[in-house]
Amino acid sequence: MPAARPLVFITGASSGIGQALAARFYAQGHDLALVARNTQAMHDWAAAEGLEPARHAVYGADVAQAESIVAAARQCIARQGLPQIVIANAGVSWGVDTGEREDLEVMAQLFATNNLGMAATFHPFIRAMQARGSGTLVGVASVAAIRGLPGHGAYCASKAGVVSYCESLRGEMRASGVKVVTLLPGYVATPLTRNNRYSMPFLLTADEFARRACRVILRQTSYAVIPWQMGMVAKLLRMLPNRLFDRLLQGRETKHRHKTGG
């Protein structure tokens, strides 16, 4: 039977932002549905943190495979009940060179995780939340959605897609009482950013990001860049004429290219 405590369903919960959000929501009295491919990492973390067995469950799923994440969501509903909050956090960030044939597969893999994976994460909960008349769907995008960066074409495009998708979904959910929150992290110190070869201004720890993000989610704020300073920088870059923007980024280091399956 569903617990009396509110339940939050989090993908990408084995490390980084997802793990930090799980810790923050647990501390605030939520039960957890932890989802990732690496179930052992989630079990180890839960044990190290002393999470009560009755207040959390672990589900193995790959969001890039729609049936995998849909199955995990259905297991969650059957075992723990319908969540109050669903956070589609799982994502990848890879550099690509579209001039290289093999990078087309890399792009497809990235979009499958960052975009289709988000829709598949939300899908099993939408009709039930609409019927209940409440719930919060949280899409984790990135400040990289605001302007395309050289070498980051796939990632920037995917996160811009997340922003537009969540905006569309918000309109669709409006009459039902279900809220949609779009989070745009700036630079956060996680395994995803560990090997970046360029400066990362306003870098936050995962814990600090989670503290701010949790407040935004519970307030059901529709759109938020964290930290706000990074949002201001991104807006200024968006306003720059293309010729100045291109000159500013000329020679900037890019992400390492990713090999399919790597």
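The values are calculated or read from the model by the stated rules, or taken from the named source; none is laboratory data. Bear in mind the structure is a predicted one, so any value in this text is a computation, not a measurement. Cβ coordinates were reconstructed from backbone atoms using ideal geometry, including for glycine residues, and neighbour counts include every protein chain displayed. Remember, those area values only see protein heavy atoms, side chains included, never the ligands or the DNA or RNA. Shrake-Rupley method; radii C 1.70, N 1.55, O 1.52, S 1.80 Å.
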All but one of (1) aliphatic (A, V, I, L, M); (2) more than 13 Å from the chain's Cα centre (by Cα); (3) open to solvent by 50 Å² or more (accessible area, probe 1.4 Å) hold for residue 116; which doesn't?
-> (2)
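Residue by residue, here is whether (1) farther than 18 Å from residue 216 by Cβ; (2) open to solvent by 40 Å² or more (accessible area, probe 1.4 Å); (3) over 19 Å from the mean Cα position of the chain (by Cα); (4) touching a residue at least 60 places away in the same chain (Cβ under 8 Å) holds:
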position	(1), (2), (3), (4)
74	yes, yes, yes, no
77	yes, yes, yes, no
81	yes, no, yes, yes
88	no, no, no, yes
111	yes, yes, no, no
136	no, no, no, yes
145	no, no, no, no
So how many residues does region 153-165 have that are farther than 19 Å from residue 182 by Cβ and open to solvent by less than 10 Å² (accessible area, probe 1.4 Å)?
-> 1
Within region 46-56, the count of residues that are surrounded by fewer than 19 Cβ atoms within 10 Å (Cβ to Cβ) and under 22 Å from the mean Cα position of the chain (by Cα) comes to 0
From the set of residues in region 26-44 that are touching a residue at least 40 places away in the same chain (Cβ under 8 Å) and over 19 Å from residue 118 (Cβ atoms), which is surrounded by the fewest Cβ atoms within 10 Å (Cβ to Cβ)?
-> 28
Is there a residue in region 56-65 that is at pLDDT below 95 and of a type in the set (Ser, Thr, Tyr)?
-> no
In this structure, does residue 121 turn out to be surrounded by 24 or more Cβ atoms within 10 Å (Cβ to Cβ) and either aromatic (Phe, Trp, Tyr) or in contact with a strand residue (DSSP E or B) (Cβ under 6 Å, 6 or more places away or on another chain) (or both)?
-> yes
